[in-house]
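Just below is one structure, and these are the notes that go with it.
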Amino acid sequence: MTTLNIDHVSRWFGNVVAVNDITMTISPGVTGLLGPNGAGKSTLINMMGGFLAPSTGSVTLDGQAVWRNEQIYRQIGIVPEREAMYDFLTGREFVVANAELHGLGKKAAQKALATVEMEYAQDRKISTYSKGMRQRVKMASALVHEPSLLLLDEPFNGMDPRQRMQLMDLLRRMGDEGRTVLFSSHILEEVEQLASHIEVIVAGRHAASGDFRRIRRLMTDRPHRYLVRSSDDRALAAALIADPSTSGIEVDLQEGALRIQAVDFGRFTALLPRVARDHGIRLLAVSPSDESLESVFSYLVAA
Amino acid sequence: MYDPTVARLTYRGLLGRRRALILGALPVLLIVISVAVRAFTGTDDQVAADVLGGFALATMVPIIGVIAGTGAIGPEIDDGSVVYLLAKPIKRPTIIFTKLIVAIAVTMAFSAIPTFLAGMILNGNGQQIAVAYTVAALVASIAYAALFLLLGTITRHAVVFGLVYALVWEALFGSLVAGARTLSVQQWSLAVAHEVTGGDLVTSDVGLATGTVLLIAVTVVATWFAGQKLRTLTLAGEE
Ligand SMILES: Nc1ncnc2c1ncn2[C@@H]1O[C@H](COP(=O)(O)OP(=O)(O)O)[C@@H](O)[C@H]1O
Ligand SMILES: [Mg+2]
């Protein structure tokens, strides 16, 4: 059983604070590291993998320091975000080389290639691979020595739905075997589908932590904002404001639309069409006005 | 200390099609020049020494050294693929030492062999000139490979700095300023070469002892330092 301890870790680059005083424990099973682009996920994963020194704080794996300790890689497998990977080799040559660097042989390499279902293309040059194929060969190179900790930075980027599902199955299986698997993503659905535990980071800070139900609740319980155009904005506003699911309505004369803030997401989405129908009002447009992931995250940080 | 897998990856990267073409261009040029000189002037020991000293040792060897030395590690650090070496339980000095061996072998192959061939073409090794410059190219290959491997480990602009050193310092500045000449891999290797010919066609500004000590010191210190640098090499996200 392998546990990764991140203890009051910060990392800055010049004036930019990429990771700001993060403390978390990554336990066996699958953990998702969720955050928008630029949140500090890669920086944190690089420190977890021993490729970057924390400016302050420490990262330890079962009590052993990770930074400047090459023996730690007997236990760690890494799938980096960057694409480059000895493109002049074939997939098989690449994975065999990775196995040899662990003191293992062709057998371990072949097994890893089979695990990611890349045997069919193993003798092609990596330079001819699609993004999804590259991702799977990287995965194979990280698995050759059957690590107890697997770190993956945005592993689903560029994968088609079928490949994504395959990799999710594989990671789930590894989590079930008792390995510690951590992957980063900026897509909530991805993390929800796979991770039994989620760590959210935003702007370098640790924003939330828990299983997907808790994170989902944090996200849906916040006020939702909608921009609504209808055949009679005033009548619609009057009818909606009476309901407790609506916490605020503003008539935007310039836009010719209503800005509505709803506190109860489920109730409001049922209410709006019903009210419109009852009052004979035609809804011309209903659009969420702040559904970007960033706004969801900034809400989480403020909470 | 030496890891055959690291060596294989380094050779394949270095001798990829494009870089191999660049590595091969100067030796081909040297041979062409030698054939032309031989055809026009016949065999002349002084001319042979001028071509080998002025072009082969002063220009070709350091440039090959820059390409092989920085190329043995620089591109991997640049594109991030070095992570696949670093994420392994291998001592960092072992990675550097292995890459040094590869860089030395490639520099020697692409510089010493053509130097010897050119010497044979120019004057058939008269007065041991071909052998002397070949020895100079061999020992210079070691020091250049170590220096430029270090440069490739510490800076992204290793090729530029390397070429500036090779062309400005060794070739140009060195011929103008006396002080610069004693701090020059070329002069140190010439001191060794002088020992081979004994005559005064191959001379150096430094003595054999000084040259040898400095060659060894530069090689050892550069290699040690590169190993230390690799231990704390940080991989940050794409900026
Ligand atoms: N090497 C670096 N130099 C300067 N700033 C960096 C460097 N690496 C990352 N950053 C900055 O740190 C922040 C976090 O980046 P990163 O960890 O790559 O985020 P994420 O992976 O979540 O997208 C960003 O603002 C980024 O610009
Ligand atoms: Mg990232």
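The values are calculated or read from the model by the stated rules, or taken from the named source; none is laboratory data. If you're wondering where the values come from, they're calculated on a predicted model, not measured in any experiment. Ideal geometry is used to build each Cβ from the backbone, glycine not excepted, and the neighbour counts take in all protein chains shown. All accessible areas refer to the heavy atoms of the entire protein, side chains included, with ligands and DNA or RNA removed. Shrake-Rupley method; radii C 1.70, N 1.55, O 1.52, S 1.80 Å.
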Q. Looking at region B:88-113, which of its residues are in a loop (DSSP other than H, G, I, E, B) and open to solvent by 10 Å² or more (accessible area, probe 1.4 Å)?
A. B:Pro89, B:Ile90, B:Lys91
Q) In region B:192-215, which residue that is exposed (fewer than 15 other Cβ atoms within 10 Å of the Cβ) and of a type in the set (Val, Ile, Thr) is farthest from the other protein chains (Cβ to nearest Cβ)? A) B:Thr203
(Q) Looking at A:Ser209, A:Ser231 in this structure, which one is touching a Lys or Arg at 6+ places or on another chain (Cβ under 7 Å) and either modelled with pLDDT of 85 or more or open to solvent by 70 Å² or more (accessible area, probe 1.4 Å) (or both)? (A) A:Ser231
(Q) Considering only region A:201-218, I want to know if a residue exists there that is within 16 Å of ligand 2 (Cβ to nearest atom), in contact (Cβ under 8 Å) with a residue 60 or more places away in the chain and closer than 18 Å to A:Leu152 by Cα. (A) yes
Q: With the checklist (1) closer than 18 Å to B:Glu195 by Cβ; (2) without any contact (Cβ under 8 Å) to a residue 60 or more places away in the chain; (3) open to solvent by 20 Å² or more (accessible area, probe 1.4 Å) in hand, flag the one item B:Gln128 doesn't pass.
A: (2)
Q.
Return the residues of region A:34-65 that are part of a loop (DSSP other than H, G, I, E, B) and either facing another protein chain (nearest Cβ under 10 Å) or surrounded by 24 or more Cβ atoms within 10 Å (Cβ to Cβ) (or both); say none if nothing qualifies.
A. A:Gly35, A:Gly38, A:Ala39, A:Gly40, A:Gly49, A:Gly50, A:Phe51, A:Leu52, A:Ala53
Q | Selection within region A:191-206 - open to solvent by 10 Å² or more (accessible area, probe 1.4 Å), within 16 Å of ligand 1 (Cβ to nearest atom) and either in contact with a Lys or Arg (Cβ under 8 Å, 6 or more places away or on another chain) or of a type in the set (Val, Ile, Thr) (or both) | A | A:Val202
Q) Is at least one residue of region A:16-30 facing chain B (nearest Cβ under 9 Å), within 11 Å of ligand 1 (Cβ to nearest atom) and either within 24 Å of A:Val202 (Cβ to Cβ) or not in a strand (DSSP E or B) (or both)? A) yes
Q. Which of the residues belonging to region A:179-200 are in contact with a Ser or Thr (Cβ under 6 Å, 6 or more places away or on another chain) and either within 15 Å of ligand 2 (Cβ to nearest atom) or assigned to a strand (DSSP E or B) (or both)?
A. A:Thr180, A:Leu182, A:Val191, A:His197, A:Glu199
Q. Which residue out of B:Gly162, B:Gly199 is under 30 Å from B:Tyr84 (Cα atoms) and away from ligand 1 (no atom under 16 Å from the Cβ)?
A. B:Gly162
Q. Can you find a residue in region B:231-238 that is touching a residue at least 40 places away in the same chain (Cβ under 8 Å) and either more than 14 Å from chain A (Cβ to nearest Cβ) or part of a helix (DSSP H, G or I) (or both)?
A. yes
(Q) Looking at A:Thr90 and the list (1) out of contact with any Leu (no Cβ under 9 Å at 6 or more places or on another chain); (2) β-branched (Val, Ile, Thr); (3) at the interface with chain B (Cβ under 9 Å from one of its Cβ atoms), which single condition is not satisfied? (A) (3)
Q. Would region A:170-189 turn up any residue that is open to solvent by less than 10 Å² (accessible area, probe 1.4 Å), within 16 Å of ligand 1 (Cβ to nearest atom), more than 14 Å from every other protein chain (Cβ to nearest Cβ) and at pLDDT below 95?
A. yes
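Residues checked against (1) free of Cβ contacts under 8 Å to residues at least 60 places away in the same chain; (2) more than 14 Å from every other protein chain (Cβ to nearest Cβ); (3) out of contact with any Leu (no Cβ under 8 Å at 6 or more places or on another chain):
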site: B:Val66; (1), (2), (3): no, yes, no
site: B:Thr70; (1), (2), (3): no, yes, no
site: B:Val83; (1), (2), (3): no, no, no
site: B:Ile101; (1), (2), (3): no, yes, yes
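Rundown of residues vs (1) within 29 Å of A:Ile126 (Cβ to Cβ); (2) among the hydroxyl-bearing types (Ser, Thr, Tyr), yes/no style:
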| site | (1), (2) |
| --- | --- |
| A:Asn20 | no, no |
| A:Thr25 | no, yes |
| A:Leu34 | no, no |
| A:Leu61 | no, no |
| A:Trp67 | no, no |
| A:Arg74 | yes, no |
| A:Gly77 | yes, no |
